[in-house]
Each structure stands twice: as structure tokens, then as C-alpha cells.
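So the structure is just underneath, and the comments pick up after that.
The values are calculated or read from the model by the stated rules, or taken from the named source; none is laboratory data. Given the structure is predicted, the values throughout are model-derived calculations rather than measurements. Note that each Cβ is placed from the backbone with ideal geometry, even for glycine, and that neighbours are counted across all protein chains shown. Surface accessibility is based on the protein's heavy atoms, side chains included, excluding ligands, DNA and RNA. Shrake-Rupley method; radii C 1.70, N 1.55, O 1.52, S 1.80 Å.
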Amino acid sequence: MQDRHTFRKKTVPLITMISPVTAWLILLIALPLLYILVISFCGTDDAHNIVFHFTLKNYAKLFDPTILSIYSNSLVIALLTTVICILVAYPFAYIMASTTPFRKTLMMIFLMLPFWTNSIIRLYSWRTLLGTNGYVNLLLLKIGLIQQPIEMLFTRGAVVLGMVYTLLPFMVLPLHTVIDKLDGGLHEASSDLGAKPVKTFLHITLPLTAPGIFAGSIMVFIPCLGYFFVSNLMGGGTSQLIGNVISRQFKEAFNWPYGAALAIMLILITLLLVRIYTKTGGKIDDLGVM
Amino acid sequence: MAKAIVEIKNVNKFYGDNHVVKDLDMEIYEGEFLSILGPSGCGKTTTLRMIAGFEQQTDGVITVEGERVENKEPFERNVNTVFQSYALFPHMTVHDNVAYGLKMKKVKKAEIAGRVEDALSMVRLEGFGKRYPAQLSGGQRQRVAIARAIINNPRVLLLDEPLGALDMKLRKQMQIELKNLQKQLGITFVYVTHDQEEALTMSDRIAVMSGGVLEQIGTPAEIYEKPTTKFVADFIGETNLFEAVEAHVRDDGTVCLNAEAGELTGADPRFSAAELVYLSVRPEKTLASESPVTGFSLRGTVRENIYIGTVVKSTVVLQNGQEIRVSSIAGAPVPAAGSARYIHWNPGDAVIIHSKSNTILDLMDSLDLGAYVAGGA
Ligand SMILES: Nc1ncnc2c1ncn2[C@@H]1O[C@H](COP(=O)(O)OP(=O)(O)OP(=O)(O)O)[C@@H](O)[C@H]1O
Ligand SMILES: [Mg+2]
């Protein structure tokens with residue numbers, strides 16, 4: 001009785017509402033993914049055509065030492081980027097949550113403004129700043145701090161900088177959400193009970209905003225593994241990411257099955273991270289993506 | 001007994017141009033239960049927050065145990081607060097919430113465990129240590145908030161409408177528990193409320209505030225029976241108020257006054273001739289008779305009688321339209337609705353309140369009145 005009622009009341013409208021969306025998802029996401037999964041088990045002939053016979057050799061190649069080192073390089077860059085994003089975004093989000101509505105809007109606009117231009121164009125502007133003949137070097141030479149231009153571009157540091165620059169808003173937004181929701185009364189209570197500000201931060205603020213740090217980290221870490229264009233523009237050829245290898249298999253080496261296997265591996269890593277996130281109490285909704 | 005533990009001297013508080021606490025002068029005694037009572041927005045919370053250290057007074061001095069506190073942060077003051085919203089830490093168990101203050105003071109773990117047990121049993125929450133605040137009822141959260149504060153052995157406990165969120169029955173029960181707790185601990189409670197019944201039943205003394213001004217501070221009996229301002233007379237309990245000027249003092253010492261409603265009589269001649277005063281008479285002291293009484297010319301018509309348990313509340317409408325409330329013990333003869341009655345009282349039962357317009361005189365007179373009350377008691 002109850003079941004039939006909820007079925008009619010909830011499930012039926014849900015199906016009718018979801019079906020166009022479901023169709024959309026199947027067409028644009030599930031089917032291509034399925035294709036990637038299938039060809040990751042295939043081989044190629046001499047003309048780079050996909051040959052449909054089952055093989056695991058693409059996956060075996062993943063354990064090649066060069067590929068493993070690229071994976072670890074990617075993870076290190078993603079980790080560095082995430083940590084720096086947390087350190088930069090936390091104070092920013094904190095100030096944004098505690099300032100006047102006008103300043104908050106202003107900060108939000110500055111945060112989102114870069115999104116209105118293509119990120120590749122924005123990264124190019126970093127190149128004009130950081131290049132050997134870039135403005136930063138010119139300035140440092142002029143004031144005599146250095147005699148030779150410093151190699152700033154095409155380093156791992158430059159890649160991390162580019163990543164932080166591109167992904168920072170994804171850290172700020174979830175952090176701002178949790179910090180904004182904090183009950184100021186809790187800080188007063190903590191202070192009332194004898195806690196100095198640092199202790200209040202460690203015992204009250206930090207644990208209560210941890211979900212935001214967590215959500216932001218997922219939002220930064222995962223794209224970081226795949227943003228090959230950042231590594232291309234800021235790192236030149238020096239810093240290989242998984243994303244670079246994948247893109248090369250599809251665009252230059254024309255070994256689609258191998259590229260597919262690499263991509264599947266990346267998806268598995270991503271799923272694993274999201275799984276850890278939800279297992280430890282994180283909510284998919286907090287990520288703001290689904 | 002009357003040793004001050006908190007002294008508030010000439011304190012003002014402005015929020016921008018908004019003057020929310022005005023020239024506040026108040027002493028809070030060691031071991032007393034003091035309520036700060038007043039309507040919404042009168043500055044009760046602000047006063048409490050200045051004592052706790054969450055707000056800085058604009059000027060004036062606040063001392064706790066004789067020490068000026070303006071440069072002390074909340075975590076350096078030996079007072080604790082029970083917040084209206086409880087402000088329990090949602091990510092900590094009841095045990096960790098209660099232990100928080102001791103942990104911050106680096107008390108040893110073994111000692112903390114024992115003291116948390118004691119504090120929880122004091123608020124009758126034994127065995128709740130492992131729960132999280134979200135798993136408690138409103139009343140239980142309230143108790144955790146109290147346990148979390150008292151475990152620190154504060155000299156002064158500040159409570160901001162701690163029972164505001166509870167239903168009537170639980171409120172009554174918690175009132176008794178809080179009062180007992182205060183007696184048991186022997187510490188000073190400063191208790192903010194806008195519920196006068198609560199203040200009257202629980203407090204040793206009540207400070208009545210209105211519009212940022214301390215109207216009167218005194219025992220519940222003083223506040224109820226000898227209000228010194230019109231606001232207090234009106235705010236505390238029910239009363240019949242008359243605005244009047246003195247006509248003449250009679251030979252027996254009673255004063256004859258003229259109000260809009262007619263002639264009336266009081267017993268306190270301590271005011272200057274032609275001064276505007278208020279005269280307040282409680283409904284239970286107000287009498288309605290069939291024939292005129294000397295010294296009074298307040299004629300009216302009985303509009304209705306309402307039976308409330310052991311008392312009957314009658315409303316008499318005077319000729320000028322003023323409504324007079326008369327309460328009498330059920331069983332005594334009650335005037336029929338529609339019948340004419342003459343309102344009067346025993347002159348000694350009327351409280352004469354000096355109007356605020358004459359402040360210096362007002363101040364002198366209220367000092368006099370204090371002496372008079374003390375002498376008469
Ligand atoms: N942070 C603030 N900024 C500006 N004005 C404030 C602030 N806090 C309180 N006020 C104002 O000060 C006045 C007194 O506020 P307060 O909170 O002390 O009142 P209250 O007596 O506790 O009232 P209630 O019974 O409603 O809690 C109010 O007019 C309020 O609007
Ligand atoms: Mg208040």
C-alpha cells in the first residue's frame with residue numbers, strides 16, 4: 001500500500017523527468033566510455049587501425065618504468081598543487097566569508113573573472129611574464145638582483161603554478177561554503193572555555209571545515225592528473241603528466257588502444273579517490289559537480 | 001554577604017550611533033542569583049557579553065573580582081557563559097564538549113575523566129558521554145551546555161536566556177534544577193531573561209532594564225511592591241497606573257491627588273508640590289465598592305468578571321475610559337457586570353512613582369524612598 005503509493009508519487013515522475021537526461025548521459029558519456037573500455041583491450045595493425053581481438057598487452061605496458069615514473073610525477077604535481085591551493089584558498093575563503101557583502105561580491109567576481117577567458121590564453125600570459133625575456137626577469141635584471149635571466153618557465157614549479165592558477169577557484173568555492181556556514185557562537189564558546197585563537201582554530205574551525213578542504217582537494221587533485229595543456233604550456237616538454245601521454249597516443253602516436261588503457265587507468269584512480277572521499281564521510285553533493 | 005564580585009561602573013555601549021547601554025551602574029554580589037530582565041532589544045545580551053568579554057564597552061569600567069577586565073580576552077576571564085543557542089561543538093561527543101575547558105587548561109587526562117563524570121552527574125546526564133549533540137533532546141543539550149560551563153569552576157556563570165528554546169513544562173523543571181544547582185555550587189549566576197515570572201521565582205535580585213537603561217535593581221519583593229519607575233511598575237505584573245498631580249496633604253499624612261479619572265489618595269508625601277507623579281496600585285490591592293469612599297472619586301462600570309482558579313479578575317471602566325483591573329479571592333461577593341462601582345484602595349497600598357522629567361529631584365527622591373523603605377521594613 002505504502003510502497004505503491006510512493007512508487008506512484010515519487011518513482012513514476014522521477015522516471016519521466018530523468019529520461020531525457022538519461023538519454024543524454026548514455027549518448028555522450030556512457031557510450032564513448034564503453035568504446036574506450038572496449039578498445040583498451042584491442043590491438044592495432046601497421047596502419048594504426050584498431051584490430052578487434054582481445055589482448056591485455058596495453059595494460060601490461062602501463063607497468064613500464066617510464067610510464068610508472070610519469071604516473072608518480074603526475075601524482076606529485078597534483079599533490080603539490082592541492083596543498084598549495086589549500087594554503088592559498090583557506091585564508092581567501094575565510095576573509096570572503098567574514099567580510100561585508102559588498103567586498104564578498106567583489107572577491108567572488110575577481111575569483112570568477114578569469115573563467116570568462118579561455119584558460120589557454122590565460123596561461124600564455126604567464127609565459128610572457130615568466131619567460132627568459134619575460135617581465136619578471138626583466139624587472140629582476142633591472143634592479144640588479146640577478147645577472148642572468150632565471151629559467152622559470154618549463155620547470156615543474158611552473159607547471160604547479162599553472163595548475164594552482166587554473167584550479168584555485170575549485171578549492172575556494174567548497175571552502176567558502178563550509179566556512180560561511182560556521183556558527184560564530186562556537187568560536188565564542190571555545191574562547192569562553194579558555195582556548196586561545198590558535199587552539200580554537202585547531203580544535204573547532206579546522207575539523208568543522210575539513211569537509212570543504214576534502215571536497216576542494218578532490219576537485220583540484222583529479223583534474224590536475226589530466227590537465228595536459230597546463231604541462232604543455234608551462235612545462236614545455238620537461239614535465240610529463242598522464243594526460244600528456246594519453247593525448248599523445250591519440251593525436252601523435254595513433255595508438256588509440258594504448259591511450260584508452262591509460263585513460264581507463266586514470267578513471268580507476270579517480271574513482272578510487274572519490275570512493276575514499278565518500279567512505280570517509282564526504283558527500284558527492286559537496287563537490288558541486290553532480 | 002553583599003560583597004561585589006562584578007562591578008559595572010558608568011558603562012556605555014554604542015554600536016555606531018546606536019546607544020544600546022546607557023550609563024549602566026550595577027554591582028553583582030558574590031553567590032547571588034541575579035536576573036537581568038527587560039523587553040527584547042533593551043541591552044541584556046550586550047551587558048552579558050561585555051562581562052564575558054565578547055564585546056568591549058565604549059566607556060566605563062567593568063571589574064571582576066576587583067580586577068579591571070577591559071584588556072582581557074574572553075579566554076582570560078574567570079567567567080563562563082551558557083549560550084542561548086547552547087553552542088555545543090557538533091563534532092565532539094558530550095564527554096569531549098564538557099572536557100573542552102579543562103583540556104584547554106592542560107588538566108591531566110585522569111583528572112579530566114573524573115571531573116567530567118561529576119559535572120555530568122550534576123546535571124543528571126550520567127552515561128551520555130559518548131553521544132553527539134545531534135543525538136540529544138533540547139533539554140539534554142541545555143544540560144550539556146551547563147555542565148561544560150560549570151566544570152571550569154567559574155566564579156561567575158553568565159546565562160543568556162538558557163531556557164528560551166524549551167517548552168513550558170521542561171522550562172519549569174529546569175528552573176528548579178538551575179536554582180538548586182546555583183545553591184549547591186554557591187557561585188554567582190547572572191541570568192538574562194525576558195520572562196518576568198522566571199525572574200521573580202528564581203532570583204535573589206532582579207535588574208530591570210529598558211532601552212539600555214537600568215530602571216531598578218532589587219529583590220523580587222522590592223521590584224514588585226516598590227517599583228521606582230513607571231516602566232517597572234507597568235512591566236512587572238499587572239497594575240493600575242494613574243498620572244496625577246498633588247492636590248494637598250491631609251492631616252493624617254495621606255496625600256490627595258488629582259488624576260484625569262478623578263480624585264485619589266496615596267500615603268507617600270515625599271514629592272514637591274505640583275510635581276507630576278505616577279500612582280501604581282496592584283489589582284489585588286484595588287477595591288470596588290458600591291458607595292463612594294472619602295478621598296476617591298473614581299466611578300466606573302463593571303464590564304466583566306473572569307474566573308481564574310482561585311481569583312476573580314474584574315474589569316471596571318472609569319468614566320474617562322480608563323480600564324481598572326480588580327482581582328478578588330473567589331468566593332467573595334463579586335459585583336455584577338454592568339453595575340456601577342467606586343474604585344478605591346488603602347492609601348498605603350498605592351506606590352507613588354516620581355516622573356522622569358525631573359531627573360535630579362527624581363534621583364534625590366528615590367534615595368529618600370530607599371531610606372524610607374528600609375526604615376519601614
Ligand atoms: N553586533 C551588533 N551590531 C549592532 N547593533 C547591535 C549588535 N548587537 C546588538 N545590537 C543592538 O543593540 C540593542 C540591544 O541588543 P541586545 O542583544 O543586547 O538586546 P536584548 O536585550 O538581549 O534583546 P533580546 O531579549 O531580544 O535578546 C538592539 O537594539 C540591537 O539591535
Ligand atoms: Mg538577548
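When the protein assembly as shown is described by a simple charge dipole with +1 on each Lys and Arg Cβ and -1 on each Asp and Glu Cβ, the residue from A:Cys85, A:Val160, B:Gly348 located farthest towards its positive end is A:Val160. Each residue of the range B:241-248 was assigned a 3J(HN,Hα) from its phi angle through the Karplus expression (A = 6.51, B = -1.76, C = 1.60, θ = phi - 60°), giving 10, 10, 8, 8, 10, 5, 9, 7 Hz with x at Gly and Pro.
Taking amide H atoms as placed 1.01 Å from N in the peptide plane, the amide H of B:Ile353 lies under 5 Å from those of B:Tyr278, B:Leu279, B:Ser280, each 5 or more residues away in sequence or on another chain. Dividing the convex hull volume of the alpha-carbon atoms in the range B:94-156 by its residue count gives 79 Å³ per residue. Taking only the Cα atoms of chain B, the radius of gyration and Dmax are 24.6, 78 Å.
With coordinates expressed along the principal axes, the C-alpha atoms belonging to chain A extend over 83, 73, 34 Å, beginning with the largest. Highest mobility in the GNM of chain A, judged by mean-square fluctuation with C-alpha springs under 10 Å and restricted to A:Asn73, A:Asn137, A:Asn118, is found for A:Asn118.
Per DSSP H run of n ≥ 4, the term is -39500 (n - 2.57); total these for chain A, divide by its residue number, and report the mean residue ellipticity at 222 nm rounded to 500 deg cm²/dmol.
-22000 deg cm²/dmol
Axis angle, to the nearest 10 degrees, between helix B:94-104 and the longest C-alpha principal axis of chain B: 80 degrees. Each of B:Phe189, A:Phe154 has its accessible area taken with a 1.4 Å probe; listed largest first, they run A:Phe154, B:Phe189. Evaluated with a Cβ-only charge set (Lys, Arg +1; Asp, Glu -1), the protein assembly as shown carries a dipole of roughly 3560 debye about its Cα centre, given to the nearest 20. Summary of the geometry: the range A:106-121 and the range B:1-40, compared by the centres of their Cα atoms, lie 51 Å apart. Ligands, DNA and RNA are left out, and with a 1.4 angstrom probe the accessible area of the range B:220-271 is 44 Å² per residue. The share of C-alpha pairs in the range B:4-225 whose separation exceeds 21 Å stands at 54 percent.
Seen from A:Ala158, the other residues with C-beta closer than 13 Å to its C-beta sum to a net charge of +1, counting Lys and Arg as +1 and Asp and Glu as -1. With the alpha-carbon atoms of the range B:238-361 aligned to their principal axes, the span from lowest to highest coordinate is 45, 26, 25 Å, starting with the largest.
Helix B:109-122 and the long axis of chain B differ in direction by around 30°, with both axes built from C-alpha atoms.
Dipole magnitude for the range B:4-225: computed about the Cα centre from +1 point charges on Lys and Arg Cβ and -1 point charges on Asp and Glu Cβ, it is near 1200 debye. Using a Gaussian network model of chain B with C-alpha springs under 10 Å, which one of B:Ser289, B:Ser314, B:Ser355 is most mobile by mean-square fluctuation? Judging by the Gaussian network model, the answer is B:Ser289.
Taking only protein heavy atoms and a 1.4 Å probe, the accessible area of the protein assembly as shown is 62% carbon and sulfur. Positive-end ranking of B:Phe128, B:Ile5, B:Val317 along the dipole of chain B, with charges on Cβ about the Cα centre, is headed by B:Phe128.
Using θ = phi - 60° in the Karplus curve 6.51 cos²θ - 1.76 cosθ + 1.60, the 3J(HN,Hα) couplings for the range B:13-26 round to 9, 10, 10, x, 8, 7, 8, 9, 10, 10, 6, 6, 10, 7 Hz; x is entered for Gly and Pro. Legend: residue pairs A:Lys196/B:Lys108; B:Lys22/B:Lys230; A:Lys199/A:Lys283, Cα-Cα distance threshold 23 Å; pairs beyond threshold, A:Lys199/A:Lys283. Checking the cross-link pairs B:Lys13/B:Lys72; A:Lys104/B:Lys103; B:Lys3/B:Lys72; B:Lys106/B:Lys130; B:Lys3/B:Lys179; B:Lys179/B:Lys285 against a 25 Å limit on the alpha carbon distance flags A:Lys104/B:Lys103; B:Lys179/B:Lys285 as lying beyond it. Our summary gives chain B a relative contact order of 14 percent, counting only alpha carbon pairs under 8 angstrom and 6 or more residues apart.
Taking Lys and Arg as +1 and Asp and Glu as -1, the other residues whose beta-carbon sits under 12 Å from that of B:Arg299 total -1. Here's how it looks for B:Asn240: its modeled amide H is under 5 Å from those of B:Val281, B:Arg282, which are all 5 or more places away or on a different chain. The contact between chain A and chain B removes approximately 1800 Å² from the accessible area (both sides summed; 1.4 Å probe; ligands, DNA and RNA excluded). For A:Phe110, neighbours were defined as the other residues whose beta-carbon sits under 13 Å from its Cβ, and their charges (Lys and Arg +1, Asp and Glu -1) total +2. Of B:Val334, B:Val64, B:Val213, which has the largest mean-square fluctuation in a 10 Å C-alpha GNM of chain B? Taking springs between Cα atoms under 10 Å, the residue moving most is B:Val334.
Phi-derived couplings, Karplus 6.51 cos²θ - 1.76 cosθ + 1.60 at θ = phi - 60°, listed residue by residue for the range B:36-52: 9, 10, x, x, 4, x, 7, x, 5, 4, 4, 4, 4, 5, 6, 5, 6 Hz, with x used for Gly and Pro. What helices in chain A pass both tests, a Cα length along the helix axis of 24 Å or more and a mean Kyte hydropathy of -1.0 or higher, using whole DSSP H runs? Taking the DSSP H segments of chain A (at least 24 Å long, mean hydropathy at least -1.0), we get A:65-98, A:156-181, A:206-226, A:256-279. Contact residues in the range A:186-221 by the 30 Å² criterion (accessible area, 1.4 Å probe, full protein complex versus chain alone): A:Leu186, A:Glu188, A:Ala189, A:Ser191, A:Asp192, A:Leu193, A:Gly194, A:Lys199, A:His203, A:Ile204, A:Leu208.
So what is the orientation-averaged projected area of the protein assembly as shown, using the convex hull of its C-alpha atoms, in nm²?
48.9 nm²
The angle between the Cα long axis of helix B:168-185 and the longest principal axis of the Cα atoms of chain B comes to about 70 degrees, rounded to the nearest 10.
Of the residues A:Trp116, B:Trp345, A:Trp126, A:Trp256, ranked by 1.4 Å probe accessible area with the largest first, the sequence reads A:Trp116, A:Trp256, A:Trp126, B:Trp345.
Centre-to-centre separation between the Cα atoms of the range B:148-191 and those of the range A:245-286: 57 Å.
A helix-only calculation puts chain B at -8500 deg cm²/dmol for mean residue ellipticity at 222 nm, using -39500 (n - 2.57) for each DSSP H run of at least four residues, averaged over all residues. Distance between the 7 Å Cα→Cβ label points at A:Val21 and B:Glu323: 5.7 nm. In the range B:63-85, burial by the other protein chains removes 20 Å² or more of accessible area from B:Pro74, B:Phe75, B:Asn80, B:Phe83, compared with the chain on its own (1.4 Å probe, ligands and nucleic acids ignored). Between the range B:43-112 and the range A:170-241, the C-alpha centres lie 29 angstrom from each other. In the full protein context, the range A:60-288 carries 50 Å² of accessible surface per residue, based on a 1.4 Å probe and ignoring ligands, DNA and RNA.
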